[in-house]
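Here's the structure we're looking at; comments come further down.
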Amino acid sequence: MELTENESVAAAAYAEKLFCQPCVFVKGVVDVTGLPGDGVAEVAFAGRSNVGKSSLLNALIGRTSLARTSNTPGRTRELNYFLLGEALHIVDMPGYGYARAPKTLVRGWNQLLQDYLRGRVELKRVFLLIDSRHGIKENDRPTMTLMDKAAVSYQLVLTKIDKLKPSEVGPAIAAATEGIKKHGAAYPEVIATSAEKKTGIEELRRAVGRAIG
Ligand code: GTP
Ligand code: MG
């Protein structure tokens, strides 16, 4: 979706104001009964285990380690709520598709993800993170389909583009864009990011601003 010049200047200014506010950890939620009931709008970061959700959240809010990250998949085990300013929750979600996690844990996480994604009116947009080296995988599809069915607006974000050659970034974006064509609830633009090099962070901030604005 093309923005006019005025609209994009306004979006940039709004995002800048939004993200200069302090951000604090609120709580970890293990089942839907624990979800905040204060009506604050939220955006969430979802994706396969180890794709870089917590790292990108830190880059987004300009902090190094507010959300805990790890080399070991399965680091984030709860829906972790962060409050930016007074009017936005940012939710760091547990990853899916971690083959070596204990089955009982996996069942619990999947249930939580499903319950959360199906029925959360506060949820304005999900940023679905995809490792830019691997593209959309089969185990991303159930989450995408679930969000299509529940009409949850979501946007694909490629992560770790510092691991690609510059010439590989365009084709990775094109492949991801192609991969969401049949998904009704997916936002048509794909954002390419690196939490490590802080690439695409402004674009992501503007997308968050647009999602709640
Ligand atoms: P779970 O909570 O386990 O689902 O993982 P996650 O998706 O939150 O991933 P996390 O942010 O913990 O990062 C996983 C690994 O990827 C860590 O070793 C990070 O340092 C690394 N990583 C994250 N973002 C980037 C990036 O932009 N570039 C590079 N090169 N590595 C990254
Ligand atoms: Mg994490």
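The values are calculated or read from the model by the stated rules, or taken from the named source; none is laboratory data. Predicted model only: the values in this text are computed from it and were never measured. Because the Cβ atoms are built from the backbone with ideal geometry, glycine has one as well, and the counts that use them run over all protein chains shown.
Quick notes on this structure:
- Restricting the stretch 86-100 to residues that are within 17 Å of Val29 (Cβ to Cβ) and surrounded by fewer than 23 Cβ atoms within 10 Å (Cβ to Cβ), the residue that is modelled with the lowest pLDDT is Tyr96.
- For the stretch 153-164, filtered to residues that are within 16 Å of the chain's Cα centre (by Cα) and crowded, with 17+ Cβ neighbours inside 10 Å, the residue that is nearest to ligand 2 (Cβ to nearest atom) is Thr159.
- One residue from Leu18, Leu83 being among the aliphatic types (A, V, I, L, M), part of a helix (DSSP H, G or I) and either modelled with pLDDT of 90 or more or under 18 Å from the mean Cα position of the chain (by Cα) (or both): Leu18
- If only residues of the stretch 28-40 that are part of a loop (DSSP other than H, G, I, E, B) and of a type outside the set (Asp, Glu) are counted, the one that is surrounded by the most Cβ atoms within 10 Å (Cβ to Cβ) is Leu35.
- The residue list Lys103, Lys124 contains one member that is surrounded by 13 or more Cβ atoms within 10 Å (Cβ to Cβ) and either at pLDDT 95 or above or over 19 Å from Ser55 (Cβ atoms) (or both), which is Lys124.
- First in the stretch 19-34 and closer than 20 Å to Glu202 by Cα and in contact (Cβ under 8 Å) with a residue 12 or more places away in the chain, second anywhere and part of a helix (DSSP H, G or I) and among the β-branched types (Val, Ile, Thr), Cβ under 7 Å, 6 or more apart: Phe19/Ile61; Cys23/Ile61
- Considering (1) polar (S, T, N, Q); (2) more than 12 Å from ligand 2 (Cβ to nearest atom); (3) within 20 Å of Gly200 (Cα to Cα), the lone condition that Gln114 does not fulfil carries the number (3).
- Residues satisfying the stated conditions in the stretch 127-146, i.e. polar (S, T, N, Q) and buried (at least 16 other Cβ atoms within 10 Å of the Cβ): Ser132, Thr143
- Test: Ser167 is of a type in the set (S, T, N, Q) and crowded, with 20+ Cβ neighbours inside 10 Å: no
- From the options Val24, Val43, residue that is within 16 Å of ligand 2 (Cβ to nearest atom) and either at pLDDT 90 or above or surrounded by 17 or more Cβ atoms within 10 Å (Cβ to Cβ) (or both): Val43
This table checks each residue for (1) part of a helix (DSSP H, G or I); (2) more than 16 Å from ligand 1 (Cβ to nearest atom); (3) in contact (Cβ under 8 Å) with a residue 12 or more places away in the chain.
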{"position": "Pro94", "(1), (2), (3)": "no, no, yes"}
{"position": "Gln114", "(1), (2), (3)": "yes, yes, yes"}
{"position": "Arg120", "(1), (2), (3)": "no, yes, yes"}
{"position": "Val126", "(1), (2), (3)": "no, no, yes"}
{"position": "Leu158", "(1), (2), (3)": "no, no, yes"}
{"position": "Asp162", "(1), (2), (3)": "yes, no, yes"}
{"position": "Ser167", "(1), (2), (3)": "yes, yes, no"}
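- Selection within the stretch 46-67 - more than 10 Å from ligand 2 (Cβ to nearest atom) and assigned to a loop (DSSP other than H, G, I, E, B): Gly62, Arg63, Thr64, Ser65, Leu66
- Some residue of the stretch 43-60 being farther than 27 Å from Ala186 by Cβ, more than 8 Å from ligand 1 (Cβ to nearest atom) and touching a strand residue (DSSP E or B) at 6+ places or on another chain (Cβ under 8 Å): no
- Pick from the stretch 67-85, criterion free of Cβ contacts under 8 Å to residues at least 24 places away in the same chain and more than 6 Å from ligand 1 (Cβ to nearest atom), ranking: surrounded by the most Cβ atoms within 10 Å (Cβ to Cβ): Arg68
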